[in-house]
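Working notes, beginning with the structure itself.
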Amino acid sequence: RKRIGLLTGGGDAPGLNAVIRAVVLSAERRGWECFGIHDGFNGLLAPEHCSGQPVRRLTAGDVHGIGHLGGTILGSSNRGNPLRFPVRGADGKVSELDRSDDVLALCKQLGFDALVIVGGDGSMGIANQLHQKGLRVIGVPKTIDNDLDRTFSTFGFDTAVGFATECIDRLHSTAQSHHRVMVVEVMGRYAGWIALHAGMAAGAHAILIPEIPFDIDKVADAILEREGGGKHHSIVVVAEGAQPIGGERALLAPATDGHSERLGGIGAQVAALLERRTGKECRSLVLGHLLRGGSPSAFDRVCASRFGAAAVRAIVDGHGGVMVSLDYSSIKLVALADVAGHTKCVPVEGDTVSTARELGIAFG
Ligand code: F6P
């Protein structure tokens, strides 16, 4: 029987288990065998460091009832790039080696006809390089950040936005009770998708995203304007990658004695500056990895299942070197070469930002 290898790489995202389930179930229905590789490429290249059986046969029984669970039953790793694989020398020093040939040899040895790589932009770049070297690879896009190009969306994003929205909803009442400014920092790396969508959904008063460098004075003005209108609380959502106009994050430091380090990330810095400029009590919190945890939303379960089944369909149909992608309502295949190295940022003139501005949300 023909064999599919499957691994999940990079940061986890809700929906990974639904992809695994879909790949295994649809492969079985087509008479193919599926093998799960543990902890990303470590399952192949560093089996001794694996948290589970490095490579194992996955059957329907193994994926029973996992579609609604967060995380990945295969484990993941963002330190296992086979093109720059960390190797510890006899002197204890770690250097990086291109071990892509080993990946090809091991896949051959394991009898894989194709390898499904579920991951973010880094993993899609690796997938593309392995494909160029002759391995039949299908990419499945994953990220809570929604920053992968050539796909309308990925699974994980909807769940992250839903959870962030719920958290921000909850902050309104405490902000209101204490007449405070609450600053919420969310993940998203260099993109502001989570901040924009959750901020809009939860009625934030200012949203700071990397795509629109902000002027802290304008954010303070927006808060003071609300104050003047009798609204004594404000919610500011800050993407972790947000930056002030023309400046390093260090410019935001409220003190010059190294104290800024202890203040934490951009959210804490924005809160400290707003407190100074508005004279209002400000509090900040970081949602961080909470956004990656928990059960996938219904949308993400369906998206992940469609991606998994589409990956198997692509393999059976003889494709390789492609990524499955969501094209609004349909699934299509796009060349990995067109995805690798490209990220998707929030369009600053796009409809969502324009709508937010029309609703009175400040971007600084
Ligand atoms: O890409 C997903 C993501 O969660 C980003 O939003 C965040 O910047 C990063 O991963 C965090 O990675 P780590 O878990 O390695 O700190």
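Please determine, by comparing only the residues of segment 150-172 that are in a loop (DSSP other than H, G, I, E, B) and within 16 Å of the ligand (Cβ to nearest atom), which one is nearest to ARG301 (Cα to Cα). Applying the filter and picking the extreme gives THR154.
Scanning segment 158-173 for residues that are over 18 Å from the mean Cα position of the chain (by Cα) and either under 14 Å from LEU285 (Cβ atoms) or acidic (Asp, Glu) (or both) yields a total of 7.
Whether a residue is in contact with a Phe, Trp or Tyr (Cβ under 8 Å, 6 or more places away or on another chain) and under 21 Å from ALA310 (Cβ atoms) was assessed, and LEU7 passes this test. Just one of the numbered conditions (1) among the aliphatic types (A, V, I, L, M); (2) out of contact with any His (no Cβ under 6 Å at 6 or more places or on another chain); (3) under 18 Å from GLY350 (Cβ atoms) is not true of VAL161: (2). Looking at segment 173-188, which of its residues are within 16 Å of the ligand (Cβ to nearest atom) and on the phi > 0 side of the Ramachandran plot? Result: GLY188, single match. Listed by position, the strands (runs of 3 or more DSSP E) inside segment 92-149 whose residues that are crowded, with 22+ Cβ neighbours inside 10 Å and more than 16 Å from the ligand (Cβ to nearest atom) number at least 1 are 114-119, 137-143. Selection of segment 216-230 for residues being out of contact with any strand residue (DSSP E or B) (no Cβ under 7 Å at 6 or more places or on another chain) and surrounded by fewer than 21 Cβ atoms within 10 Å (Cβ to Cβ) yields ASP217, ASP221, LEU224, GLU225, GLU227, GLY228, GLY229, GLY230. Name the residue that is farthest from the ligand (Cβ to nearest atom), counting only residues in segment 1-20 that are within 11 Å of the chain's Cα centre (by Cα) and surrounded by fewer than 24 Cβ atoms within 10 Å (Cβ to Cβ). If we take residues in segment 1-20 being within 11 Å of the chain's Cα centre (by Cα) and surrounded by fewer than 24 Cβ atoms within 10 Å (Cβ to Cβ), then ASP12 is farthest from the ligand (Cβ to nearest atom). Screening segment 300-347 for residues that are assigned to a strand (DSSP E or B), among the polar types (S, T, N, Q) and within 20 Å of the chain's Cα centre (by Cα) and picking the one that is modelled with the lowest pLDDT gives THR343.
Close Cβ contacts (under 8 Å, 6 or more residues apart or on different chains) running from residues in segment 39-63 that are in contact (Cβ under 8 Å) with a residue 24 or more places away in the chain and farther than 17 Å from ASP102 by Cα to residues that are surrounded by fewer than 23 Cβ atoms within 10 Å (Cβ to Cβ) and of a type in the set (Asp, Glu) comprise ARG57/GLU33; THR59/GLU28; ALA60/GLU28. Only residues that are farther than 24 Å from ALA114 by Cα, away from the ligand (no atom under 16 Å from the Cβ) and of a type in the set (Gly, Ala, Ser) were counted in segment 290-309, giving 3.
The values are calculated or read from the model by the stated rules, or taken from the named source; none is laboratory data. Source: prediction; values computed, not measured. Glycine gets a Cβ as well: all are built from the backbone with ideal geometry, and neighbour counts include every protein chain shown.
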